Structures are given as C-alpha cells and as structure tokens.
Amino acid sequence: MSLDSRVKHALLRIGAVGLASAVTAVVLFGIGRLILIGDLGLAMPSFSQPSASPSPSPTPTVSPAVLSDIATPNPTPTPTPEPSPTETVAPTEAPLALTSFHFGGRSYVGVVVPEVGRTFVAPFAGRVEVRTYQFIDGEVRLGSNVPSLPFYPYVSVVAADRRIVYRPGSLGSVSELLARDGAQVGAGDALFRLVAPGRSSWATFYDSSAPYHVVVSLQALPSGRDLDPTPYL
C-alpha cells in the first residue's frame, strides 16, 4: 500500500471514530436530559405536528320570508258556522184588564183591551147568535133600523149547558163581526174584532162612566144561573 493510500485510510478511520463519538455524545446528552426532566416532574413538550383545526361549516343563509313561513305556518282556517234559522215567534198579546161587577142582580165582567186589533174567539164549541140593538129615545131597542143611529152587537156562543155573551162597541166603527148568526163554531174560532178604540154598548145603555171596551156575562143552561166568565177571557 502506498503512502497516500495509508494516509487516506487513516483519515477515514479517524473521521468515523469522531462521528461515532459525536453521535454517542448527543444520544447520551439526550438521555440525560430525559432523566433530569423526569426527576424534576416536568412535562416534555410535544414535538408532534399540531393537526389543523377543521374549518367550521358555513351557516346556510335563509331569507326572512322563508323564516316567517317556518316560524308561523299558515293555520288551517276554521269553518264559519252557518247561522241557525231564526224562529218566528208570534207576538204575545198584552193581558186584558178584567173587572167583575153586578148590575140589576146579575153578574158581569168588564174588559179593558190595551190595544186595537184584538180578536175575541169562542171559548167553547157551540152555536153563534148575533143580536143588534140601538139606543132610541133613551130606550134599548132590539130589531130597530134607524140608519142615523149606531148599531151595537151582542155576540153569543150557546152550548148545551152554558151561554156566554159579549157586548163590544158600535158595529163597523169600533167592532167587526167575524162569525155570522147561526154558525157552528169550535173553541178558538174567531167571533169579532175590535178595529178602533171605543167603549162597549154598556156605556151607552146603562153607565156612561163605564170604561170597558167589552162587557161579558156567562150563564148555565137551562137554569140561567150566573157563572164567572173570567176563565174564558
């Protein structure tokens, strides 16, 4: 081996030994640092590469109109109930003012009617009797016919066991007949109607101060005994 070769070989050995020694020193130095840090209770810093934080997902943008539809959904419309049919109620007639009195030993009931247009009906079934009277020269005349003087009707319903008589005001101007003489009627059938304010014929025939619009009497048949007509009014 030449001198140059020997020199190069020696230099290489020296370099290798030096490199190994340096590596060994570094390793030993590192181990010593680890032991020292462990004895001191210090935490080793992490040398791992921190992972990148994931980027937050973008929040979707919703238009205000859509948010309004979501927050307040359209309610289901409630069907409007149809109004129930209105019942027609017949007007209630005002009550009559009734006054019982006696005259000439007989019993009567005076009736004050609060409104015009009141219709009187048969209280029971029977035969209608219509009699007209006039007041002539201070006397009550049956069957007379003086056109210049008023006629006053007496309207009766005659059954087998009783007879009821109504005495309204003058015919035509105050009262109107709805049943004809001799007709058979049932309970509730119309007899006459008051078409205008006016007092009963009683005020003309017997007592000018009597305020009654109709005077009524009731007798049992065939005895003729007076009965109270109030329940029929």
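The values are calculated or read from the model by the stated rules, or taken from the named source; none is laboratory data. Keep in mind that what you see is a predicted model, and the values were worked out from it rather than measured. Neighbour counts are summed over all protein chains in view; Cβ atoms, including those assigned to glycine, are modelled from backbone coordinates with ideal geometry. Heavy atoms of the whole protein, side chains included, go into the accessibility calculation; ligands, DNA and RNA do not. Shrake-Rupley method; radii C 1.70, N 1.55, O 1.52, S 1.80 Å.
Per-structure values
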| item | result |
| --- | --- |
| Any hit, region 122-131, residues being among the small types (Gly, Ala, Ser) and outside any loop (DSSP other than H, G, I, E, B) | yes |
| Among residues of region 203-233, those that are among the polar types (S, T, N, Q) and assigned to a loop (DSSP other than H, G, I, E, B), counted | 3 |
| Candidate set: region 165-191, residues that are in contact with a Pro (Cβ under 6 Å, 6 or more places away or on another chain) and open to solvent by less than 20 Å² (accessible area, probe 1.4 Å); chosen: the one farthest from Thr230 (Cα to Cα) | Ser170 |
| Residue check, Val128 open to solvent by 70 Å² or more (accessible area, probe 1.4 Å) and among the hydrophobic types (A, V, I, L, M, F, W, C) | no |
| Region 81-115: number of residues that are at pLDDT 60 or above and open to solvent by 80 Å² or more (accessible area, probe 1.4 Å) | 7 |
